[in-house]
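Since the structure comes first, as structure tokens, the remarks are kept for the end.
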Amino acid sequence: MLYVTPLRALNNDIFKRLISYAQAEGLRAEIRHGDTSSYARQKMLESPPDILITTPETLGILLVSRKFKLHLAQLECVVVDELHELLGNERGAHLSLSLERLQRVSTRPEIMRVGLSATIGDPDEAAKFLVGVQGKCAIVTDTEARGYDVKVKFIEGNLTVLAQKILDYIAEEKGGDKSTLVFTNTRDEAEFLGAVLKAKSPSVPVEVHHGSLSKDSREATEVMLRSGQAGIVVCTSSLELGLDIGAVNLVVQVGSPRQATKLIQRIGRSRHKMRIRAVGAVIVNKHDDELESLALLERVDKHSLETITIHKKPLDVVAHHLAGLAMEESTFPTESALALFRRSYAFADLTKEDLDGVATILEGQGILRFDGEAVKRRGQRTFDYYFSNLSTIPDIQQFEVHDITTKKIIGRLDQVFVGEYGEPGKPFVLKGNSWRIVSVEDDKKILFVEPMFRDLSTIPYWVGELIPIEYETSQIVGELRRQISTGKYASTRPVSASQIERLQKAYRQLSGVPDERSVVVEKRRGSAAIVVHACFGTKINQTLATMLSTLLSAKIGYLVETKSDAYRIILSTNGPLETKHVSEGLKESIDLKEILTASIVGTHPLNWKTWYVAKKFGVVDKTAQYDRRAARLIQERYKGTPLYEEILRELFQEKYDIPSTTKIMGDLRESRIPVRIAEVEEFSEIARPILEYTSSFAAMPLTMDKAILDLVKERIGNAKHKLLCLSCGRYESVLKTNDVKEPLICPLCRSRLITETFASDLDLPKIIQKKKKGLELNEDEEKKYRRAWKTSSLIQNFGKRAIVILSGFGVGVDTAARIIRRTADEDQFYKNIYLAEKNYVATRGFWQD
């Protein structure tokens, strides 16, 4: 038997339990993954175990081992644990082809396949995925599923206030003498809460557990839990899956878990025994989170879990398995490969053209030989490609995060986050502080950000955003809004008084709250912002937002920026955008895929996805560093090929929902979903969450936070300048901006021809000396000399004020002249410098091309 688990930590945990079961039956169990020693691997080859525990990636290695394949031929059964973890990603699609390859080498007519999961939303779809197109299956369901006693508690306040509420809840439930798990959606939040809980409750052991901690640290926490020692463990999804962590009494979820499956997995860790009800609480400090958590509990009551969209026909996975088949047989007919792949449910729609296109790319890269009928192994190149691409998980590089107000590095972020959510205006939390993205420099792997001086509790987290909220959940939230605002809420689960007040106020403002039955287009008189309220979930709203941005930008001739969440979309522009434009745009009859394809051209997500997919096809070396220009060249070179098709397929599946959005737009056109326009004096309470998080309507730029302004002033005051005299050429001095005194004249010759450059500039003094001697300057030197004269002219006219403005990052003489002439107020003067810096950071990538 093969026992396949998606996590290495789970491998080890399963091994500890399974080995005793195996021994009781006179069987031998072993484990093999990336850390298994070569000695242990050799022993397995000589004497294979009865049960082998492994990962999907290691199974890919075993399939091309000639010796091990002899043992696999006797395989009777494959168990895939935590099946839901593989359904919705390429690891699952990859495993499905590995299972078909296992069947091909087997001497048995049919290897039994068993999938295990506690949280499958669509068991029929999961079964088809597991057994393939031709396989038979039975679905065994525990009809006496566990019950869940979960309270939703809304608390006004930040994470520190929430920490106190967690301690109060543990005391209420008399859980202080047992273990409590506190789940958060981010690692930063886990660390912050852990620190606060330790400070507030020094007598209770508090540990933190997440994927960024060392293996030793995580294992020590797991041992503490298994021992039954009383205490609190603050964790992320790292303790969500089936690790054996012993007796946990209570579970607290901080913030909405965003999915019913996650709610079950997390709260289900409490009192983890058959037929015993799980007990826990969801503690939130956002009104959206309160309604969302109630909606998720309603779904749990109905056994309505999220459905997972299986990756259909990922062509980079086809490329990898084609190489594997060529390694197995040296020459492998593509017709046979096509028949093999089509037995997998994920690849049932694969065509001969798809396969030939993939094989052609692999031949072009020297990975395989392809003559139109068969693929052939091509020596070491085939082996190198296959073994370097066993994992479908991206190689994660790091981006440095730079604060443009202080010019300091504040931390690093994974490229996965930047690739998915690295758009200007996006807010996030890093190291306990709140930031907003200004721009992304792909080539240098730098993210430029500015601080957001707000209560930490009001800032959304990237990791939380990575978990999409499903359409059905958003629809229930819409229904709850309507019931609460009209006084018809009948559930036994209480709702906070502030929630009732908020929704009733919104009802009065908008003449009815936006619910699951309608779309409301809200505009405040005199504002450039329009909020579209739509309870359609994360992906549908993202699709609508992108479509509206592209469509309306073309219609009015101005760029329309958008942001969206599961319940609303915001649109902003400098142009004449009216509510009727939005209403008409929602009802347009268009090809969504075509519009989305046009909208992502030149974006960071497209460039990054191109680089990642190109590696999977062997077009880019696995170790190559990301290069934006090369990514764009690859897009041009491979347009119309399986490689480009795969790039778009992945982007669309991860970010958008084209079929559902197409249906909803049809319903909007036919008025099955009415669109209502609401002109208001002030934005409604339920519009505020997205207004707070949108760069165009947050504190910047018209009312820049004073804290940001103070940081900018401090940095500019400490900037160093080299002052030079163009008249005598002998005066040279390096001063901080704050130390510059007026009048600005040369102390040696009393000339006012003072110029400025950066403190480390060694070239300009030499150029001035060369000019004084009457020597000819080259083209580059002449350009720098002319700039020095323009700078001198600015300083003569505006004195120290010119030095101040030239301290700005990327602020040149022409920009300085524009700003200095139109600004009198000191605060506005510094704001304009900062805005010029932001503009430079945001646009420099374009002109550097």
message = Just the residues that are open to solvent by 20 Å² or more (accessible area, probe 1.4 Å), within 26 Å of A554 (Cβ to Cβ) and among the β-branched types (V, I, T), please, taken from segment 590-648.
response = I590, I595, T597, V601, T603
ask   = Restricting the search to segment 527-553, which residues are outside any loop (DSSP other than H, G, I, E, B), hydroxyl-bearing (S, T, Y) and either in contact (Cβ under 8 Å) with a residue 60 or more places away in the chain or at positive phi (or both)?
value = T538, T543, T546
request  = For segment 739-759, indicate whether the set of residues that are within 19 Å of V813 (Cβ to Cβ), of a type in the set (G, A, S), in a loop (DSSP other than H, G, I, E, B) and in contact with a Lys or Arg (Cβ under 8 Å, 6 or more places away or on another chain) is non-empty.
outcome  = yes
key: Criterion violated by Y656 - all others in (1) modelled with pLDDT of 95 or more; (2) farther than 23 Å from S391 by Cα satisfied   = (1)
query = Which residues, taken from segment 554-566, are touching a residue at least 12 places away in the same chain (Cβ under 8 Å) and more than 19 Å from the chain's Cα centre (by Cα)?
reply = K555, I556, G557, Y558, L559, V560, E561
ask   = Considering E125, E144, E172, which residue is out of contact with any His (no Cβ under 9 Å at 6 or more places or on another chain) and either modelled with pLDDT of 90 or more or crowded, with 19+ Cβ neighbours inside 10 Å (or both)?
value = E125
note = Picking from I476, I484, I437, the residue that is open to solvent by less than 30 Å² (accessible area, probe 1.4 Å), closer than 22 Å to R568 by Cα, modelled with pLDDT of 80 or more and outside any helix (DSSP H, G or I) would be I437
note = Taking segment 347-373 and keeping residues out of contact with any Phe, Trp or Tyr (no Cβ under 6 Å at 6 or more places or on another chain) and either within 17 Å of G60 (Cα to Cα) or outside any helix (DSSP H, G or I) (or both) leaves A348, D349, T351, Q365, G366, L368, R369, F370, D371, G372, E373
remark   = Selection over segment 422-434 where residues are over 25 Å from V560 (Cβ atoms), in a loop (DSSP other than H, G, I, E, B) and modelled with pLDDT of 60 or more yields a count of 0
task = Please find, among A624, A598, A614, the residue that is more than 24 Å from T543 (Cβ to Cβ) and in a helix (DSSP H, G or I).
result = A614
Selection count, segment 295-326, where residues are part of a loop (DSSP other than H, G, I, E, B), farther than 30 Å from G366 by Cβ and in contact with a helix residue (DSSP H, G or I) (Cβ under 6 Å, 6 or more places away or on another chain) = 4
ask   = If you scan segment 274-294, which residues turn out to be small (G, A, S) and assigned to a strand (DSSP E or B)?
value = A278, G280, A281
note = Screening Q134, Q164 for residues that are open to solvent by 50 Å² or more (accessible area, probe 1.4 Å) and assigned to a helix (DSSP H, G or I) leaves only Q164
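Rundown of residues vs (1) at pLDDT 90 or above; (2) open to solvent by 10 Å² or more (accessible area, probe 1.4 Å); (3) closer than 15 Å to I754 by Cα; (4) assigned to a helix (DSSP H, G or I), yes/no style:
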residue	(1), (2), (3), (4)
E781	yes, yes, no, yes
Y785	yes, yes, yes, yes
W789	yes, yes, yes, yes
Q796	yes, yes, yes, yes
G808	no, no, no, no
T815	no, yes, no, yes
R821	no, yes, no, yes
A824	no, yes, no, no
D827	no, yes, no, yes
Test for V282: is it of a type in the set (A, V, I, L, M) and at pLDDT below 95 = no
key: Residue in segment 53-65 that is surrounded by fewer than 18 Cβ atoms within 10 Å (Cβ to Cβ), in contact with a helix residue (DSSP H, G or I) (Cβ under 6 Å, 6 or more places away or on another chain) and among the hydrophobic types (A, V, I, L, M, F, W, C) present   = no
message = Given (1) open to solvent by 50 Å² or more (accessible area, probe 1.4 Å); (2) part of a loop (DSSP other than H, G, I, E, B), identify the lone condition not met by D710.
response = (2)
query = Are any of the residues in segment 500-521 open to solvent by 10 Å² or more (accessible area, probe 1.4 Å), out of contact with any helix residue (DSSP H, G or I) (no Cβ under 7 Å at 6 or more places or on another chain) and of a type in the set (D, E)?
reply = yes
request  = Could you grab me the full set of residues in segment 742-759 that are without any contact (Cβ under 8 Å) to a residue 12 or more places away in the chain and either under 24 Å from A816 (Cβ atoms) or of a type in the set (S, T, N, Q) (or both)?
outcome  = I745
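The values are calculated or read from the model by the stated rules, or taken from the named source; none is laboratory data. Computed from a prediction, not measured in an experiment: that's the story for all the values here. For neighbour counting, all protein chains shown are included, and Cβ atoms are generated from backbone atoms with ideal geometry for every residue, glycine included. These accessible areas exclude ligands, DNA and RNA; they are computed on the full protein's heavy atoms, side chains included. Shrake-Rupley method; radii C 1.70, N 1.55, O 1.52, S 1.80 Å.
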